[in-house]
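Peer 1: The structure follows.
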Amino acid sequence: MSKLKINGKEKDFSGKIPSYLSDLLEMLEVDSATVVAEVDGKIIERSNFKTAKIQEGQSIELIRFVGGG
Amino acid sequence: MNIADDKLIINGQEISSRLFVGTGKFASNELMKSAIEASGSQIVTVALRRVDIDNENDDMLGAIDSAKYLLLPNTSGARDSEEAIRLARLARAASGIKWLKLEVTPDPYYLLPDPIETLKAAEILVKEDFVVLPYINADPVLAKRLEEVGTATVMPLAAPIGTNRGLSTRDAIEIIIDQANVPVVVDAGIGLPSHAADAMEMGADAVLVNTAIATAADPVKMAKAFKLSTEAGRIAYKTGAAAESKIAVASSPLTGFLRDE
């Protein structure tokens, strides 16, 4: 079991959960410059992506700006 | 009056245009960028959504020059005050911007804002040092209550979001304008430049337009039309309308006709 819940969906990393949030973003090919993250309901500032440790079972939200009125 | 001295001030900051534009529904980022440019707007709204981790994500912010425009994140999608506050905090963390268009719309059919949840969220967000611009129904009592808790503006709707139906709430907006001590921004439902001019002639401080520009056949030209009509309406308001009369008042002289008396 090596799962994370990302944006509401379970994702299995088959034994290789990335160590830090920045690693996760890299693995998902998400440009960290345009993203804000929430880990288990706590906002992680972009400047802390490299030091935010990821643990199995966490719920992670990756959010960005889109067009809106 | 010198029109150049007629400034819109929100939260102590001078805003160069009384037309605010939304960035939703544009066919492309390029079109959005050109339309924003043509609108002459300074305040530009954006929304927050989940990243699609299975597909490539389009970076729309890259198309907006943050040195030139003031980004106004919204809390669209929030169904109650808790969700709105969460989105507000995320928006600030993502952008460093503390200005916020607060919208709480639990009803998916008309997207009408929830007054109780909006007031509740506004009170908390003002205390957290957000500059809150709340989207509300055209309710003069609610507008006063929001002003009292410290919102930077009130933004009553003209008609439901995206309906392009114009000032269906005219009478209530008139009362809001009459009573407000903060800028009144007429938001949602403005479908034509004449609607924007109408709101400005009534004394609204600004208008916010998205759908009418983004979904027009030519969004860039329509943005320009809204720019002109918003300015025209404002100048007319500041100048004061000429008197109305029930009977005709001839514009041409009533003497010197080519006939015998």
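Peer 1: Restrict the check to the range B:117-124 and report whether at least one residue is surrounded by fewer than 22 Cβ atoms within 10 Å (Cβ to Cβ) and without any contact (Cβ under 8 Å) to a residue 12 or more places away in the chain.
Peer 2: No: zero hits.
Peer 1: Counting only residues that are more than 20 Å from B:GLU128 (Cβ to Cβ), give me the strands (runs of 3 or more DSSP E) lying completely in the range B:1-92 with at least 3 of them.
Peer 2: Numbers: elements: B:8-10, B:13-15, B:19-22, B:43-50, B:70-73.
Output list reads B:19-22, B:43-50.
Peer 1: Using beta carbons and a limit of 8 Å, which pairs, at least six apart or on different chains, have the first residue in the range A:34-51 and among the polar types (S, T, N, Q) and the second one open to solvent by 60 Å² or more (accessible area, probe 1.4 Å) and not in a strand (DSSP E or B)?
Peer 2: Partner pairs satisfying both residue conditions: A:THR34/B:ASP59; A:THR34/B:GLY62.
Peer 1: Turning to a different aspect of this structure: Taking the range B:177-228 as the search range and keeping residues that are farther than 24 Å from B:ALA242 by Cα and acidic (Asp, Glu), which one is nearest to the other protein chains (Cβ to nearest Cβ)?
Peer 2: Checking each candidate, the answer is B:ASP187.
Peer 1: Is there any pair linking a residue in the range B:22-41 that is within 21 Å of B:ILE161 (Cα to Cα) to one that is open to solvent by 50 Å² or more (accessible area, probe 1.4 Å), with Cβ under 7 Å and at least six apart or on different chains, and which?
Peer 2: Close Cβ pairs satisfying both conditions: B:LYS25/B:THR215; B:SER39/B:LYS227.
Peer 1: Which condition number does B:ILE173 fail, the rest of (1) open to solvent by 20 Å² or more (accessible area, probe 1.4 Å); (2) in a helix (DSSP H, G or I) being met?
Peer 2: Among (1) open to solvent by 20 Å² or more (accessible area, probe 1.4 Å); (2) in a helix (DSSP H, G or I), B:ILE173 violates only (1).
Peer 1: Here is a follow-up. Kindly evaluate A:LYS16 against the criterion of being open to solvent by 40 Å² or more (accessible area, probe 1.4 Å), outside any strand (DSSP E or B) and more than 8 Å from chain B (Cβ to nearest Cβ). It would help to see each step written out before you state the result.
Peer 2: Details: open to solvent by 40 Å² or more (accessible area, probe 1.4 Å): yes; outside any strand (DSSP E or B): yes; more than 8 Å from chain B (Cβ to nearest Cβ): yes.
Yes; evaluated as a whole, the condition is true for this residue.
Peer 1: Among the candidates A:ASN48, A:ASN7, which residue alone is under 30 Å from B:THR211 (Cα atoms) and modelled with pLDDT of 90 or more? It would help to see each step written out before you state the result.
Peer 2: Numbers: A:ASN48 fails: under 30 Å from B:THR211 (Cα atoms).
Exactly one of A:ASN48, A:ASN7 is under 30 Å from B:THR211 (Cα atoms) and modelled with pLDDT of 90 or more, namely A:ASN7.
Peer 1: Which residues, counting only those in the range B:129-160, are touching a residue at least 40 places away in the same chain (Cβ under 8 Å) and either open to solvent by 20 Å² or more (accessible area, probe 1.4 Å) or in a helix (DSSP H, G or I) (or both)?
Peer 2: B:ALA143, B:PRO160
Peer 1: Mind checking which residues of the range B:9-57 are touching a helix residue (DSSP H, G or I) at 6+ places or on another chain (Cβ under 6 Å) and open to solvent by 70 Å² or more (accessible area, probe 1.4 Å)?
Peer 2: Across the range B:9-57, the qualifying residues are B:LYS25, B:LYS33.
The values are calculated or read from the model by the stated rules, or taken from the named source; none is laboratory data. On a predicted model such as this, the values are computed, not experimentally measured, just so you know. Glycine also receives a Cβ, built like all others from the backbone with ideal geometry; neighbour counts cover every protein chain displayed. What goes into the accessible areas is simple: the full protein's heavy atoms, side chains included, and nothing from ligands, DNA or RNA. Shrake-Rupley method; radii C 1.70, N 1.55, O 1.52, S 1.80 Å.
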